[in-house]
Amino acid sequence: MEKLSYNELLEAGVHFGHLRKKWNPKMLPYIFMEKKGIHIIDLYKTLEKLDEAAAALKNIARSGKKIMFVATKKQAKETMEEQARRVGMPFATERWLGGMLTNFTTIRKSIKKLQTIERMLSDGSAENMTKKERLVLSRERDKLEKVIGGVVQLNRLPAALLIVDIGHEHIAIAEAHRLNITTFGMVDTNCDPNKVDFAVPANDDAAKSIAIVVKYLTDAIVEGLEERAKNKEEMEDARHDGRDEFSDKDEEIRLAGEEDADGQRKGPRGKGGPRTADRKPGARRPMTQRKK
């Protein structure tokens, strides 16, 4: 993964903050200066926080856990959905449903309902319905797809949330805190960076700024997923090698047993005892060879 440079962030407008009258004093460590009433973000601090967030996201992806992309503002919708689909992660870009995390059981019911409707419309079982009933089903499917289509494959709660504009997505952050879910967020000068676990100071209003930051973090997730797949392959190869080694040892033991069985001489009645000629003088016959 290529590191972002200072100039790339500068060209994307990541350094632009909000007006001074809208600023949050807790963002002071990340503000470089004020120019014409607008705060300028320190891009060196942005690069530092980006690397920290990318390393954490990479570890979460390597462990096989889910990371949910959250952004419902117009400038970030398309980018977040595109990057989430790129790594196969859940996303919420149309609307954050209250209780999407804290009331996940109800959300799962809606997901099952959506899957049932899709199955009915695809396998032909809806052909027996009237035209109006099919139309109602289609409209309901479209409505559910728009709201929860990004979390259809989510079978359990995500391990982390990646959020653009933490002020706008305050409900998602509150639910994540209640469930002890790790949060990552782009934080502008009008927000409190302490509300998320990994804050990346950046302009969260410009589409270019959002795109460059989210893409960089998604690249880290891709690396984590690739390392996970590589580790799985290595473990499978090691398992197969171990099985082959045990099979070779078993074969050697079996062959050795067959040689011993062939070299052993059987007794007169096939009982495996020694023959009379092989017994020492004065030795008693085995119980199996005595005459009754």
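The values are calculated or read from the model by the stated rules, or taken from the named source; none is laboratory data. Everything numeric in this text was worked out from a predicted model, so none of it was measured. Neighbour counts run over all protein chains shown; Cβ positions are idealised from the backbone, glycine included.
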Tell me, yes or no, whether region 183-195 has at least one residue that is among the acidic types (Asp, Glu), more than 23 Å from THR102 (Cβ to Cβ) and in contact with a strand residue (DSSP E or B) (Cβ under 9 Å, 6 or more places away or on another chain). yes
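Condition check ((1) over 23 Å from ASP197 (Cβ atoms); (2) of a type in the set (A, V, I, L, M); (3) touching a residue at least 60 places away in the same chain (Cβ under 8 Å)) across all residues:
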{"residue": "GLU81", "(1), (2), (3)": "yes, no, yes"}
{"residue": "ARG85", "(1), (2), (3)": "yes, no, no"}
{"residue": "GLU94", "(1), (2), (3)": "yes, no, no"}
{"residue": "ASN128", "(1), (2), (3)": "yes, no, no"}
{"residue": "GLY149", "(1), (2), (3)": "yes, no, no"}
{"residue": "LEU162", "(1), (2), (3)": "no, yes, yes"}
Exposed (fewer than 13 other Cβ atoms within 10 Å of the Cβ), not β-branched (Val, Ile, Thr) and not in a loop (DSSP other than H, G, I, E, B): which single residue out of LEU28, LEU47 fits that description? LEU28
Please go through region 1-25 and pick out each residue that is of a type in the set (Ser, Thr, Tyr) and in a loop (DSSP other than H, G, I, E, B). SER5
Of all residues in region 132-147, which are of a type outside the set (Gly, Ala, Ser), in contact (Cβ under 8 Å) with a residue 12 or more places away in the chain and either loosely packed, with under 14 Cβ neighbours inside 10 Å or in the same structural domain as GLY185 (by TED's automatic domain parsing) (or both)? GLU140, LYS146
Members of region 53-89 found to be surrounded by fewer than 22 Cβ atoms within 10 Å (Cβ to Cβ) and within 20 Å of GLU175 (Cα to Cα), listed by number: ILE60, LYS65, LYS66, THR72, LYS73
Can you name the residue in region 59-92 that is of a type in the set (D, E, K, R) and part of a loop (DSSP other than H, G, I, E, B) and, of all such residues, is farthest from GLU233 (Cα to Cα)? LYS73
